[in-house]
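Enquirer: Here's a structure for you.
Only the coordinates and a few stated rules stand behind these numbers; no lab work does. All values derive from a computational prediction rather than experimental measurement. Virtual Cβ from ideal backbone geometry, glycine too; neighbours counted across all protein chains shown.
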Amino acid sequence: MAHRVQAGPVAANRRWIAVSRDSLYNRGMWSPHLPENLRIVRERIARAAERAGRRPEEVAILGATKGVPPERIREAAALGLRLFGENRVQEARDKIPQLADLDLAWHMIGHLQTNKVRYAVRLFHLVESLDRQELARELEKRLARMDRRMPVLLEVNTSGEPSKYGLPPEPDALLQLAEFVLSQAPHLELRGLMTLGPYPPEEARSRRAFARLRELRDLLSRRLGMALPVLSMGMSEDFEYAVLEGATEVRLGRALFGPREP
């Protein structure tokens, strides 16, 4: 369990997160025990939310299931998780049908190639990685044929790392794609923004990246005159920083499921 440390605000916050994270490590490895991991993750979210003056219920936990077998997902569902995300369409095609008897919501959280859209629109409830007009056009075309609407998030590269996908963290870039979605893609429902934090995570850099996403969301919401309630940011190594900066969804893999199989 985390123990609060009396110090200056920056030092205290850094120490609190470091102590909290220790409870999920076992000699440098995440625990393989899902019920205990979930309990600890919920406690950590609650503490971060309290420090930010928020309610823990404002933060949804998405189980990031890349490399996680279906039986582990069933275990997570039995513990109350209903929101899951996949990075790769092919893995989702193999896995999601095996879990069709469960009432789960599936998000596409990885880079989506246009040639995989025809599968994605049948597998996922929401796409978190919309980052270009070409992809919006293909999603719209496929969804129109199905007479179906799909929520989407715009992916933003707030860390500026060249290895990451996403729109540049500039208002004009976001506004251009958002206006295209609203005017040219009536089967897409814009719900918010998504980002990946910088790697390796470090408090000041991570919080700047997450704060930037929140600022861009707020600006875009004002410019468009509409609510954008979803901020998907924060993963296993940095989700407390994201909660402190306003995340409404954190995407957790190792923190829940332990290390992936080699």
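Enquirer: Add +1 for every Lys or Arg and -1 for every Asp or Glu among the other residues with Cβ under 9 Å from the Cβ of Glu86, and state the total.
Expert: +2
Enquirer: With charges set only on the Cβ (+1 for Lys and Arg, -1 for Asp and Glu), what does the dipole of the chain come to about its Cα centre, in debye to the nearest 20?
Expert: Dipole about the Cα centre, nearest 20: 140 debye.
Enquirer: Per DSSP H run of n ≥ 4, the term is -39500 (n - 2.57); total these for the chain, divide by its residue number, and report the mean residue ellipticity at 222 nm rounded to 500 deg cm²/dmol.
Expert: Taken over the chain, the calculation gives -13500 deg cm²/dmol.
Enquirer: Taking every eigenvalue of the Cα gyration tensor of the stretch 121-262, multiplying by 5 and rooting it, what semi-axes result, largest first, whole Å?
Expert: Equivalent-ellipsoid dimensions as semi-axes: 26, 19, 13 Å.
Enquirer: Find the Rg to Rh ratio for the stretch 97-156, where Rh is the Kirkwood radius over alpha-carbon pairs and Rg uses the same atoms.
Expert: With Rh from the inverse mean 1/r over Cα pairs, Rg/Rh is 0.96.
Enquirer: With charges set only on the Cβ (+1 for Lys and Arg, -1 for Asp and Glu), what does the dipole of the stretch 107-167 come to about its Cα centre, in debye to the nearest 20?
Expert: In debye, rounded to 20, the stretch 107-167 gives about 380.
Enquirer: Sticking with this one: Among residues other than Tyr199 whose Cβ falls under 10 Å from its Cβ, what is the net charge (Lys/Arg +1, Asp/Glu -1)?
Expert: Neighbour charge sum, excluding Tyr199 itself: -2.
Enquirer: Using Cβ contacts closer than 10 Å as the measure, can you line up Arg74, Arg217 from fewest to most?
Expert: So the residues, fewest neighbours to most, are Arg74, Arg217.
Enquirer: Another one. Can you give the charge dipole size of the stretch 123-262 about its Cα centre, rounded to the nearest 20 debye, using +1 on the beta carbon of Lys and Arg and -1 on the beta carbon of Asp and Glu?
Expert: 340
Enquirer: Pulled fully out, how much extra length does the chain show between Thr114 and Leu224, if you take 0.36 nm times their separation in residues and subtract their Cα-Cα distance?
Expert: 37.0 nm
Enquirer: Using the Cβ atoms and a cut-off under 13 Å, what net charge is assigned to the surroundings of Pro151, where Lys and Arg are +1 and Asp and Glu are -1?
Expert: That sum, taken over residues with Cβ under 13 Å, equals 0.
Enquirer: Here's something else I'd like to know. Looking at the chain, do any whole DSSP H helices span at least 15 angstrom along their long axis by alpha carbon and average 0.0 or above on Kyte-Doolittle, and which?
Expert: Span-like helices, by this rule, are 171-184.
Enquirer: How far is it, in nm, from the label point at His33 to the one at Arg260 when both lie 7 Å from their Cα along the line to the Cβ?
Expert: 2.5
Enquirer: Which listed residue (Asn157, Pro171, Ile45) has the Cα farthest towards the positive end of the charge dipole for the stretch 9-257, taking +1 on Lys and Arg C-beta and -1 on Asp and Glu C-beta about the Cα centre?
Expert: Ile45
Enquirer: Below 27 Å, Cα to Cα, which lysines can Lys141 reach? Residues fewer than 8 away in the same chain don't count.
Expert: Lys95, Lys116, Lys164
Enquirer: Okay, which of the stretch 54-82 sit inside 18 Å, backbone N to the point 7 Å along the Cα-Cβ direction of Ala46?
Expert: Within reach of a label on Ala46, which here means backbone N under 18 Å from a point 7 Å along Cα→Cβ, the stretch 54-82 contributes 54-62, 79-81.
Enquirer: So for the stretch 219-262, taking the charge dipole from beta-carbon charges (+1 Lys/Arg, -1 Asp/Glu), which of Gly234, Pro259, Leu220 sits furthest toward the positive end?
Expert: Highest projection toward the positive end goes to Leu220.
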